[in-house]
1. Please specify each residue of segment 33-54 satisfying the condition of being touching a residue at least 40 places away in the same chain (Cβ under 8 Å), within 16 Å of the ligand (Cβ to nearest atom) and either in contact with a Lys or Arg (Cβ under 7 Å, 6 or more places away or on another chain) or not hydroxyl-bearing (S, T, Y) (or both).
2. If you scan segment 162-176, which residues turn out to be within 15 Å of the ligand (Cβ to nearest atom) and touching a Leu at 6+ places or on another chain (Cβ under 6 Å)?
3. Only one residue in A243, A179 is assigned to a helix (DSSP H, G or I), more than 16 Å from the ligand (Cβ to nearest atom) and either in contact (Cβ under 8 Å) with a residue 24 or more places away in the chain or over 18 Å from T160 (Cβ atoms) (or both). Which one?
4. Looking only at segment 66-78, decide whether some residue is within 16 Å of the ligand (Cβ to nearest atom), acidic (D, E) and either under 16 Å from the mean Cα position of the chain (by Cα) or under 19 Å from A15 (Cα atoms) (or both).
5. Among the residues of segment 193-223, how many are more than 13 Å from the ligand (Cβ to nearest atom) and part of a loop (DSSP other than H, G, I, E, B)?
6. Take the residues in segment 182-192 that are outside any strand (DSSP E or B) and among the hydrophobic types (A, V, I, L, M, F, W, C); name whichever of them is most open to solvent (accessible area, probe 1.4 Å).
7. Checking the condition over 26 Å from M76 (Cα atoms) and not basic (K, R), which residue from G247, G231, G278 passes?
8. Output the residues belonging to segment 66-121 that are at positive phi and modelled with pLDDT under 95.
Amino acid sequence: MEAEFIQWLRERLPAHPRLLLGAGDDAAILSVGQSQGFVITSDLLSEGVHFVFDSAGASRVGRKALAVNLSDLAAMAARPLAAVVSLLLPQHDGLRIAQELYEGLLPLAFEYDLTVAGGDTNCWRGPLVVSVTAVGETTASGFLRRSGAEVGDAILVTGTLGGSILGRQFEFEPRVAEALLLNERYTIHAAMDISDGLALDLSRICLASGVGAEIETASVPVSEAAYNLAGGRDFHREALLHALGDGEDFELLMTLADAEAERLLRDQPLEIPLKRIGLIVSRPGLWEVDAAGNRIHLEPRGYVHQ
Ligand SMILES: [Mg+2]
């Protein structure tokens, strides 16, 4: 199967000026010019853990396997360059599944000018496992990280949050262009992508930065999907909990000095919503501030990897 698959794949991988030597040799060779720094990230998706194959379909799993890596590159404000894709395929129908995976993955790679440099494919008796490793480069504006949040920073998020299980978990657009633009024009102290839930991921920024955070719950951008999952517009609290705790939003979470955040919010330079949701504070932990100004301790709920 492997030889047939590699032949099929090579016909679908276009030449790219960055790819001096692509799939088919012992290793691929990239030409990456005068890059400031390389950014490497890897994600593993396993059937039964990260997706249910029958309902997701191979094409959507393939797209997602690359998209989660692009989202991690976005979190670092890195420009995508290349990826390698490794597949563990079930013995039954392996070739068709591999082809469908790539039918989902390749359009996203083209969209982000990322070249698929190679990978590996094996069949086994277990379920489908997809591993993508992506390489990116930092820009002249430098990279973003989790550990730079400062007391007094405003906390901002892109997009709307919650309810990704209703479809967004597969269809999300990684915020690569947005992160590059924001990093170029504004001074961002800390950033990450929201993969495991707003509260849990914000707690990670806090931990890395040695600070705490207050979330003004009335400002959290609750998605339509979160309302649908909660049962409708009347269930605001339930929808808010989805926005705080559901995973796989893949939006950007950032902290900026207050005045810089004001400038950014006035400019609204993105085509997607950009909202201020709270404040970095010195008191450790996460705090929910309601409309009346009451502070309640907030559990960092979210998706915890087993
Ligand atoms: Mg991440």
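1. V39, I40, D43, L44, L45 - these are the residues of segment 33-54 that are touching a residue at least 40 places away in the same chain (Cβ under 8 Å), within 16 Å of the ligand (Cβ to nearest atom) and either in contact with a Lys or Arg (Cβ under 7 Å, 6 or more places away or on another chain) or not hydroxyl-bearing (S, T, Y) (or both).
2. Just the residues of segment 162-176 that are within 15 Å of the ligand (Cβ to nearest atom), to begin with: 164, 169, 172, 174-176.
Residues satisfying the conditions are P174, R175, V176.
3. Criteria check complete, one pass: A243.
4. The answer is yes, given that some residue of segment 66-78 is within 16 Å of the ligand (Cβ to nearest atom), acidic (D, E) and either under 16 Å from the mean Cα position of the chain (by Cα) or under 19 Å from A15 (Cα atoms) (or both).
5. Total meeting the criteria: 5.
6. I188
7. G231
8. So in segment 66-121, the residues at positive phi come out as 77, 93, 113, 118-119.
Of everything in segment 66-121, those that are at positive phi and modelled with pLDDT under 95 turn out to be D93, G118, G119.
The values are calculated or read from the model by the stated rules, or taken from the named source; none is laboratory data. Here the structure is a predicted model, which is why all the values come from computation and not from measurement. All Cβ positions, even for glycine, are placed from backbone atoms using ideal geometry, and neighbour counts span all protein chains on display. Just so you know, the surface numbers come from the protein's heavy atoms only, side chains and all, with ligands and any DNA or RNA stripped out. Shrake-Rupley method; radii C 1.70, N 1.55, O 1.52, S 1.80 Å.
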